Amino acid sequence: MAALITVEEFFQYVKQPLPADTDDKYKLVESLIYRASDYCREYVGGPIITESITEKIDGTGHDEIKLSKVPVLSVSSVVVDGVDKTAAIGFYEFGILYMDDVFPEGRQNVTVNYSSGYGATHEDIPQGIKQAALLICHYWFKRDTLDYSSTYGESEVITGQWRFPTTALKMLDPYKVRKMAVI
């Protein structure tokens, strides 16, 4: 899993000098970044940094199949009942279309190789996702270093009602909603 932000971006955001990569504070932030990146990916329900995916899908008897990881950026191959049908397939953000026929009904008889995500590197992903990762990391950093304030409503976290700044979750919601709309 690729990180959505860098340690340097984090320390620039919190306006602190960048520590040496052997420093405990650097290691803590690096760990928090990977945790926040994983959380963002899980929250939106799919890749953020572009990934190649192979998916086996049940044929439906229709000319369209929705894929589980969106947005679909490209389709490299589609095999239906052991026969390569890539040339007859079109794709859009949420799935694939069989241009000449329908996908025959069957259990996992369609194999699709495709790429999905919002950018090839962390620099290419939408700013809202990067900002959400920064906010989550900052919140966790403050929590782990016992530097609480009311910036993100941490008093709610102390009582166990919230685990993340609601602002960050709201930034991720448009990407989650789009995913949920296709399932």
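Conditions tested, residue by residue: (1) over 30 Å from GLU30 (Cβ atoms); (2) in contact with a helix residue (DSSP H, G or I) (Cβ under 9 Å, 6 or more places away or on another chain); (3) assigned to a helix (DSSP H, G or I).
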{"site": "ASP58", "(1), (2), (3)": "yes, no, no"}
{"site": "LYS69", "(1), (2), (3)": "no, yes, no"}
{"site": "GLY90", "(1), (2), (3)": "yes, no, no"}
{"site": "VAL102", "(1), (2), (3)": "yes, no, no"}
{"site": "VAL112", "(1), (2), (3)": "yes, no, no"}
{"site": "TYR139", "(1), (2), (3)": "no, yes, yes"}
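Quick check, is SER52 on the phi < 0 side of the Ramachandran plot and assigned to a helix (DSSP H, G or I)?
No: the conditions fail for SER52.
Of all the residues that make up the range 49-62, how many are loosely packed, with under 15 Cβ neighbours inside 10 Å and more than 14 Å from the chain's Cα centre (by Cα)? Break it down stepwise before answering.
Residues of the range 49-62 that are loosely packed, with under 15 Cβ neighbours inside 10 Å, as a first pass: 52, 54, 56, 58, 61-62.
Narrowing further to those that are more than 14 Å from the chain's Cα centre (by Cα): 54, 56, 58, 61-62.
Here the count works out to 5.
Of all the criteria given as (1) surrounded by 13 or more Cβ atoms within 10 Å (Cβ to Cβ); (2) out of contact with any strand residue (DSSP E or B) (no Cβ under 8 Å at 6 or more places or on another chain); (3) farther than 30 Å from HIS138 by Cβ, the one not satisfied by ASP100 is (1). When VAL29, VAL80, VAL70, VAL75 are screened for being among the aliphatic types (A, V, I, L, M), in contact (Cβ under 8 Å) with a residue 12 or more places away in the chain, buried (at least 17 other Cβ atoms within 10 Å of the Cβ) and touching a Lys or Arg at 6+ places or on another chain (Cβ under 9 Å), only VAL70 passes.
Summed over the range 1-26, residues that are among the hydrophobic types (A, V, I, L, M, F, W, C), open to solvent by 50 Å² or more (accessible area, probe 1.4 Å) and at pLDDT below 95 total 1.
The values are calculated or read from the model by the stated rules, or taken from the named source; none is laboratory data. None of these values were measured; they are calculated from a predicted model. Quick reminder, even Gly has a Cβ in these numbers, built from the backbone with ideal geometry, and neighbours come from all protein chains shown. We work out accessible area using only protein heavy atoms, side chains counted, and drop any ligands, DNA or RNA first. Shrake-Rupley method; radii C 1.70, N 1.55, O 1.52, S 1.80 Å.
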